[in-house]
Amino acid sequence: MSPTIEPGGTVATASPGSTSSTARATATADPAAGTWRPTRGATTLTLAGAELARYDHGSTVDRVHSPRPFLHPVRTLGGTVLTDLAPADHLHHLGLSAALPDVDGTSFWGGRTFVRDQGSTLLTNHGRQRVTETRIPSTDDERERAGADVVQLLTWDDEHDAPVLHEVRTLTARTLGDAWTLRWTSTLRADVRDLSLGSPATNGRPGAGYGGLFWRLGDADVTVVLSEDGTGEEVAHGSTSRWVAFVQSTEAVTTTLVLVQPDTDRRPWFLRASEYDGAGPAAAWSERVSVPRGRQLTLELVAVLVDGPVEPHAVPELVARADQALAGGC
């Protein structure tokens, strides 16, 4: 029976109890808000004097990739890009985006659809997300009232351009000393009819329960995956850990991306770190999810971007600091 939605690199070593210099600085600095500015077809984020993210409204994305807004590039304070756009292995992976592979048969994920007893098949079932309004509060008081830095209204249209979902999306960014944090919240409402959400896993492909807010990273020479449950892709994938982290190393630099889901609404993580690096909490992991007409589904993901490695025991401190900085959206 389907659940129902209610309204509403290497890891640096350290002695036990110690934290890296990055984690210590991150935990003690006062947060500051970023500046979001509209540009043609996008909104850019400047934080701590540097342009750290570009939020593209997605109007030029090919229909076969399920056009949708996305964040790319997203950089650390030191300038390292931690997102990837349309990589050769998955052209429909768009940095950080909200993507659902099966909404009553419509793909808002892009690419092929997994069909039971048939496998991955390219169908003409690609929907699109259409931005209808973008609001950017200009003062601290306005941001506090809005609870976010950017508020956006969207309509999710199916392959026939008929609306199936309406969304309120918010973006918020804050500094954390030598790191920074970003929150993306999508509240989806089934205004038109009862909806059923699925994934390749619910359609017969075990372990492929992807769909929701998904962050695609670029390549690295070495990637170490951390989670509350331990180290490694096989441990984090499918877990309901509050957070997962990618410590990526190349010859030139090591960075850490921590992805955090709400503690009150934990979902299994869909995570890859062998064929590529990417993760997100799954909206429909192993069973289809019903969203009755008039009800809503909320998806939320917080990211912490760090220049340098972070030891596993230091991640909860970063998560707590991000929670505090983002509380109330101000």
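Could you sort Trp285, Trp184 by accessible area so the largest value comes first, with the probe set to 1.4 Å?
Trp285, Trp184
Compute the FRET efficiency between Asp30 and Gln118 as 1/(1 + (r/R0)^6), taking r as their Cβ-Cβ distance and R0 = 51 Å, and round to the nearest 0.05.
Once rounded, the FRET efficiency stands at 0.40.
If Lys and Arg each add +1 and Asp and Glu each add -1, what is the summed charge of the other residues whose beta carbon sits under 11 Å from the beta carbon of Ser120?
My count for the surroundings of Ser120 gives +2.
What number results when the radius of gyration of segment 52-121, computed over Cα atoms, is divided by 2.2 N^0.38 Å?
1.24
Can you give the Rg to Rh ratio of segment 21-152, both from alpha-carbon atoms, with Rh computed by the Kirkwood formula?
1.06
Mind listing the long-range amide H neighbours of Glu228? Cut-off is under 5 Å, sequence gap 5 or more, other chains count too, H placed in the peptide plane at 1.01 Å from N.
Arg242, Trp243
Where does the charge balance sit around Ala322 when Lys and Arg score +1, Asp and Glu -1, over other residues with C-beta under 9 Å from its C-beta?
+2
From the square roots a ≥ b ≥ c of the eigenvalues of the alpha-carbon gyration tensor of segment 206-330, which class results: rounded (a/c under 1.5), prolate (a/b over b/c), or oblate?
Oblate.
Please list the non-local residues whose amide H lies under 5 Å from the amide H of Asp178, H modeled 1.01 Å from N, same-chain partners needing a gap of 5 or more.
Thr26
What ranking do 268-278, 43-53 get when scored by the average of other Cβ atoms within 10 Å per residue, highest first?
Output ranking for 268-278, 43-53: 268-278, 43-53.
Would you mind computing Rg(Cα) / (2.2 N^0.38 Å) for segment 97-226, counting N as its residues?
Segment 97-226 yields a ratio of 1.26.
Could you give the radius of gyration (one decimal) and Dmax (whole number) of the Cα atoms in segment 45-328, in Å?
17.9, 55
Rolling a 1.4 angstrom probe over the protein chains, ignoring ligands and nucleic acids, what is the accessible area of Asp62 in square angstrom, nearest 10?
So the heavy atoms of Asp62 present about 90 Å² to solvent.
Can you give the net charge of the other residues whose Cβ lies under 14 Å from the Cβ of Asp30, counting K and R as +1 and D and E as -1?
Counting the neighbours of Asp30, the net charge comes to 0.
Treating each Cα of segment 124-198 as an identical point scatterer and ignoring solvent, apply the Debye formula and state log10 I(q)/I(0) at q = 0.14 Å⁻¹.
Taking Cα atoms of segment 124-198 as identical point scatterers yields -0.57.
The values are calculated or read from the model by the stated rules, or taken from the named source; none is laboratory data. Being a predicted model, the structure only gives us computed values, none of them experimental. Every residue, glycine as well, gets a Cβ built from its backbone with ideal geometry; the counts of neighbours run over all protein chains shown. All accessible areas refer to the heavy atoms of the entire protein, side chains included, with ligands and DNA or RNA removed. Shrake-Rupley method; radii C 1.70, N 1.55, O 1.52, S 1.80 Å.
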